[in-house]
Structures are given as structure tokens and as C-alpha cells.
1. Please give me the summed charge of the neighbours of residue 84: other residues whose Cβ is under 12 Å from its Cβ, Lys and Arg +1, Asp and Glu -1.
2. Can you give the calculated 222 nm mean residue ellipticity of the chain, where each DSSP H run of n ≥ 4 adds -39,500 (n - 2.57) and the sum is split over every residue, rounded to the nearest 500 deg cm²/dmol?
3. In the chain, which longest range has no chymotrypsin sites (Phe, Trp or Tyr not before Pro) that are both DSSP loop (not H, G, I, E or B) and surrounded by at most 14 other Cβ atoms within 10 Å?
4. Be a star and scan region 17-44 for residues whose amide nitrogen sits under 16 Å from the point 7 Å along the Cα-to-Cβ vector of residue 212.
5. Quick one: 3J(HN,Hα) in Hz for region 48-63, Karplus 6.51/-1.76/1.60 with θ = phi - 60°, rounded, Gly and Pro as x.
6. Going through region 195-255, which GluC sites (Glu not before Pro) have at most 14 other Cβ atoms within 10 Å and a DSSP loop state?
7. Treating only the Cβ of Lys, Arg, Asp and Glu as charged (+1, +1, -1, -1), what charge dipole size does the chain show about its Cα centre? Round to the nearest 20 debye.
8. In region 110-253, if the dipole is taken from +1 on Lys/Arg beta carbons and -1 on Asp/Glu beta carbons about the Cα centre, which of 240, 164, 207 is farthest to the positive end?
Amino acid sequence: MNKDEFIEKLKSDSFVENDFADDMKPFFLSFLTGAAAQFRREKFINAPADIIDGEYKKVAVLSCPDGEYRFDFIINGSKWQLCFIECITLPLANINQFPYSSFVSLPEKESWIYAEKSISKTVYFFCKLKDIFGFDEALLWFNDGAGEFLCAKSWVPFYKEPKAFILYCGWIENRINGENVSVDMFADKKCVIRFINHLWFKVYHTASHIKTQLSLDEYKKLFEHIWKDRAMNAGWNVDFEYDGNDTVLHFYSLL
């Protein structure tokens, strides 16, 4: 399938199963075919494309209004088949001089990369523990509140310890975990942390491999359990508000 043939199939909605690699057929058929995918096909048709010949894949990078999409093709027999679609591509296409140490940054993607890798690992271990011990006991393995509060007390000496924990969490989530965070209220009896376009849930809705491991309800319970343990160890109760793509944590003093 060359570029012109691929564009024509997008225009005419004429993909067939044999256009796709075997393990991806169900996903690609729903992602690219039928009336529900028309808006997506139109977006791809009109996007400028950069074509790269890899060692065994032909790669098309489409620059769409909502970001880059990469389409990977392989030859199966004598036919090109679409084998993968991805939104992250590391800038490593033209490396021909060694030793090589000039790794180019991806500022707009690095937070996502870290979040997807970290969350995938968390979900993997939680699911393994759930299979062995059951859901409720598996949650207990993720109680890190005592350690997080110790870090807050050690690294933020300027405020009462429960309040130090709030600012510590904001800094860690923003600077280390890549979340967009604001502290919306900061008082002795109540503090509020807002995760803006919260990556924890954005990853769930985008990364299909996580959906196959945990339901959204279980995934949310894991998140809330972790933060309830952290809050309790730092002297707070916490309530959760889900405001569009934001997650808002309301901390109420236990003292």
C-alpha cells in the first residue's frame, strides 16, 4: 500500500482486513472504517505527511491539528500492511555518527512518556498482586503515605507539617511526575490541589493496554486509595472531585 493508495482508501472508506497486520485488525477496523471514523479519516487525509524509509518499516508521520500521528507499514508477502499507529516518535531516525550522545528533547511529550511508563508499571504490579491476594489487600501494597510525609517534612521546612505536605505534593507531581498542578487553597483547615488535564486518567483513556487490565472503576479506586493513605499520614481527610479532565483533591484537617 503506497501513500496514494492509502489516501484513496481513507477517502473512499474502503479498507479491508488484509490491509492490516493480523494482531491489529480489530483495532484498525474500528479506528479507520465506518461512519464513526469519518472525522478521523478526513483529518488524516488533509494532514501534511513526512515519509521515512526505515530498515524494515515504512513510516508516515502526519502533522494534524491535534498533534502528530505515526503510521507504520510492513511488507507481508508482497503486500504493504498497516501494523501500528502511535502519537509518540522519539527523534532518532537519522543516527549515523558514533559515539552519539546528543539525544534531542521532546518537551511536549516527555511528561506523557514518563506517565505512561510509570502508570503501566503500577497497573501491572497491582494486577499481579490482585490475582494473588485479592483487590482489597493488593491496594495495601501501594500505601506510600508515611514515606511521602517524611519527604515533605524533610524537604519543605517553611510551614506546619500538614501544609508542607500539600506543597510538597504539588512540586513532586509537577516537576517530577510531569503533571500540570495548581494549589487552589492553602490554609490550616483546608487545602485544595488541582490536577489539570490529569495525566493519570488521560493515560487510562488513551493507552488501550491499561483498559484491558483494570476497569475504570478499579483504576479510580487505586488512585483514590493511594491519595487517602497519603492524606491520612499527613493529617488530612481527602475528598475527590472530577471536574471535566481535571481531578481536584480537597484536603480537610484531622487536627
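1. Details: positive: 57, 58, 70; negative: 23, 72, 86.
Surrounding charge for residue 84 is 0.
2. Numbers: 10 runs with 108 residues, N = 255.
Mean residue ellipticity, 222 nm, calculated: -12500 deg cm²/dmol.
3. On the way: sites that count: 56, 100, 103, 141, 158.
Segment 159-255 is the longest.
4. So the set is 21-31.
5. 3J(HN,Hα) across region 48-63, in whole Hz: x, 10, 10, 9, 10, 8, x, 5, 9, 10, 9, 10, 10, 9, 9, 9.
6. On the way: sites: 218, 224, 241; in loops: none.
Taking region 195-255 and a limit of 14 other Cβ atoms within 10 Å, no loop GluC sites (Glu not before Pro) are found.
7. Numbers: 29 positive and 37 negative charges, 76 e Å.
Rounded to the nearest 20 debye, it is 360 debye.
8. Of the listed residues, the answer is 164.
None of the figures in this text is laboratory data; all of them are computed from the coordinates on show. All of these numbers come straight from a predicted model, not from anything done at the bench. We place every Cβ from the backbone using ideal geometry, glycine too, and count neighbours over all the protein chains shown.
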